Amino acid sequence: MSKFYEDALLFAKEHILPYAKEIDEKMEFPVESFKEMGKAGYFKLMIPTELGGLGKGMTEHSEACMAFAKSSATAGLCYMMHNVCLSIVLKYASDELKSKIVKDVVENNKFLGFAYSEFGSGTNFYRPDIKAEFNDKEVILNGTKSMVTSAGQASYYLLLSSSESGEGIDNWIVPIETEGVEFKQSEWQGLGMRGNVSCPMEFVDAHLSKSYRIGKIGDAMTHIFEVVAPFFITGLASVYTGVCEAVLSEALSHATNRKHTFGSKLAEYETVQTHISRIYSQTNAAILGTKEAARAADAGESDAIVKIISARIFASEAAIEVARLGMRVGGGKAYNKMGIMERLLRDSYAGQIMAPSVDVLILWLGRALLGLPLI
C-alpha cells in the first residue's frame, strides 16, 4: 500500500481507534476523531491545491476511508460521505457557493453530510417526496429525510428535492443553521455503525435561498451518476474492506493469544487455521478489488464503473462472511463482547442495505455489463 495509506493508518490508530468502543456503546458521533481529521487536513483531501486543498483523487479517497474504517467503520463511513458531498460542490456549485463552502472546509475545518434518503422512497433516494415550493428567491422545504448520517454534526447537508421546473430533481446544500430544520436524534436505534447518529431530518417551512442550489435546475440525476455513484460506491467498498481488515487482525490476535488451561493454543487447531485462511483470502480479494476500482476511476478507464460496483458488492458481502467466521474463531468470548468482533459483525450488516443496496447494485452490474441503462 502507499505511504498515504500507511500515514492514514497511523492517524487512525492514534485519533480514531481510542474512541471506537465508546462511540459504539453510547451511540455518539466521533467528535474528537473528526476534530483531529480537520486539523490533519483530511477534510480538504478532494479540494484542488489552488483552492487550498490537497488535490487528491479517488485512490486517496479510497485509502483514507479504508484506513479509518479499520479502526472504526463509523468514522470511515461518515468521513467518506463528506468527501462525496464536497466533490459534488466542487464540480457543480456556482463559483460563489463553491468559494463559501471551500473556505469553511479549508479555514474552519467544517465537513458535510448527506440528507438524500426518505421514508417513502427508501433506497430509491432519487425519487424524493419532500415538498418543495418556490418563489422568486427561495425554495420552501417541508418534509422529512430519513437516514441523515452525521446528523447534527456536519455543517452542510446535501439534499434532493423535486425540481423547480417540474422535470428532474434538484440538488441543494443546506446549512445546519437553516431555520425550520430539526434533527430527530432520539429515533436512532442502529444495529451497527452506531456512532454515525443517522436520524430523521425534519423540514418545516424551511426557507433556503436559491443560491444554495447546486448546478442547473432539474439536473441532479447527472450529479448522482457522474459523482455520487463512483465516489460513494467506491467509498463504501473501501469502508467494508476496512472492516474485513479489522476482522482479520482481531481473529489473528485472538487465535495466537488464546490458550486453553490444558496448554493448547487456539492457533494449533485445524478448524481455526481453516477459518483464518478463508478470512484472509476474502480480505485480500476485497483489498485488491477496491484498489483496482479506485485506480481505474482515477485513470478514467471505460470499465471503471463496473469495477467500482463489483468492488462494493464483493466487499460488502465479504465483510459479513469474514465477520461470521471471525465470531467462530472468537467463540464464547466474542459472543460475550470481549474484544471487537461482535461490533464488527454488527457493522458489517449495514453494508447490504445502504443505498444503493447490494441487491440493487447486483442488478446494476448485470445491466452495465450488458450495455443497458442502470435504471
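A few points about this structure:
- Lone unmet requirement of (1) over 19 Å from residue 151 (Cβ atoms); (2) polar (S, T, N, Q); (3) open to solvent by less than 20 Å² (accessible area, probe 1.4 Å) for residue 49: (3)
- Pairs linking a residue in segment 256-270 that is closer than 11 Å to residue 329 by Cα to a residue that is of a type in the set (Ser, Thr, Tyr), with Cβ atoms under 7 Å and 6 or more positions apart or on different chains, are 267/256.
- Where a residue in segment 126-144 is assigned by the TED database to the domain that holds residue 169 and under 18 Å from residue 168 (Cα atoms) and its partner, wherever it lies, is open to solvent by 80 Å² or more (accessible area, probe 1.4 Å) and of a type in the set (Lys, Arg), with Cβ under 8 Å and at least six apart: 141/131
- Test: residue 351 is without any contact (Cβ under 8 Å) to a residue 40 or more places away in the chain, part of a helix (DSSP H, G or I), out of contact with any strand residue (DSSP E or B) (no Cβ under 6 Å at 6 or more places or on another chain) and under 19 Å from residue 233 (Cβ atoms): no
- Taking the criterion of being over 24 Å from residue 191 (Cβ atoms), out of contact with any Pro (no Cβ under 9 Å at 6 or more places or on another chain) and open to solvent by 10 Å² or more (accessible area, probe 1.4 Å), the residues of segment 55-82 that qualify are 56, 57, 59, 60, 63.
- Unmet requirement for residue 3, which otherwise passes all of (1) surrounded by 15 or more Cβ atoms within 10 Å (Cβ to Cβ); (2) of a type in the set (Lys, Arg); (3) over 30 Å from residue 199 (Cβ atoms): (1)
- Filtering segment 139-157 for residues that are crowded, with 16+ Cβ neighbours inside 10 Å, part of a loop (DSSP other than H, G, I, E, B) and of a type in the set (A, V, I, L, M, F, W, C) leaves a non-empty set.
- Restricting 290, 256 to those that are hydroxyl-bearing (Ser, Thr, Tyr) and out of contact with any Leu (no Cβ under 9 Å at 6 or more places or on another chain) reduces the list to 290.
- Some residue of segment 281-289 being open to solvent by less than 10 Å² (accessible area, probe 1.4 Å) and either assigned by the TED database to the domain that holds residue 361 or closer than 26 Å to residue 231 by Cα (or both): yes
- When residue 10 is tested against (1) closer than 21 Å to residue 84 by Cα; (2) free of Cβ contacts under 8 Å to residues at least 24 places away in the same chain; (3) open to solvent by 20 Å² or more (accessible area, probe 1.4 Å), just one condition goes unmet, and that condition is (1).
- Pairing residues of segment 26-54 that are on the phi > 0 side of the Ramachandran plot with residues that are open to solvent by 20 Å² or more (accessible area, probe 1.4 Å) and among the aromatic types (Phe, Trp, Tyr), at Cβ distances under 8 Å and at least 6 apart in sequence or on separate chains, gives 27/188.
- Options 319, 311: the member that is among the aliphatic types (A, V, I, L, M) and farther than 15 Å from residue 360 by Cα: 319
- Enumeration of residues in segment 47-78 that are in a helix (DSSP H, G or I), small (Gly, Ala, Ser), over 13 Å from the mean Cα position of the chain (by Cα) and within 13 Å of residue 231 (Cβ to Cβ): none
- Only one entry of 202, 133, 167 meets the criterion of being more than 30 Å from residue 352 (Cβ to Cβ) and either of a type in the set (Gly, Ala, Ser) or not in a loop (DSSP other than H, G, I, E, B) (or both), and that entry is 133.
- Segment 218-247: number of residues that are farther than 20 Å from residue 293 by Cβ and open to solvent by 10 Å² or more (accessible area, probe 1.4 Å): 4
- Unique match (being open to solvent by 30 Å² or more (accessible area, probe 1.4 Å), modelled with pLDDT of 95 or more and assigned to a helix (DSSP H, G or I)) among 278, 312: 278
The values are calculated or read from the model by the stated rules, or taken from the named source; none is laboratory data. If you're wondering where the values come from, they're calculated on a predicted model, not measured in any experiment. Positions of Cβ are backbone-derived with ideal geometry, glycine not excepted, and every protein chain shown enters the neighbour counts. Please note that ligands, DNA and RNA were not included when accessible areas were found on the heavy atoms of the full protein model with its side chains. Shrake-Rupley method; radii C 1.70, N 1.55, O 1.52, S 1.80 Å.
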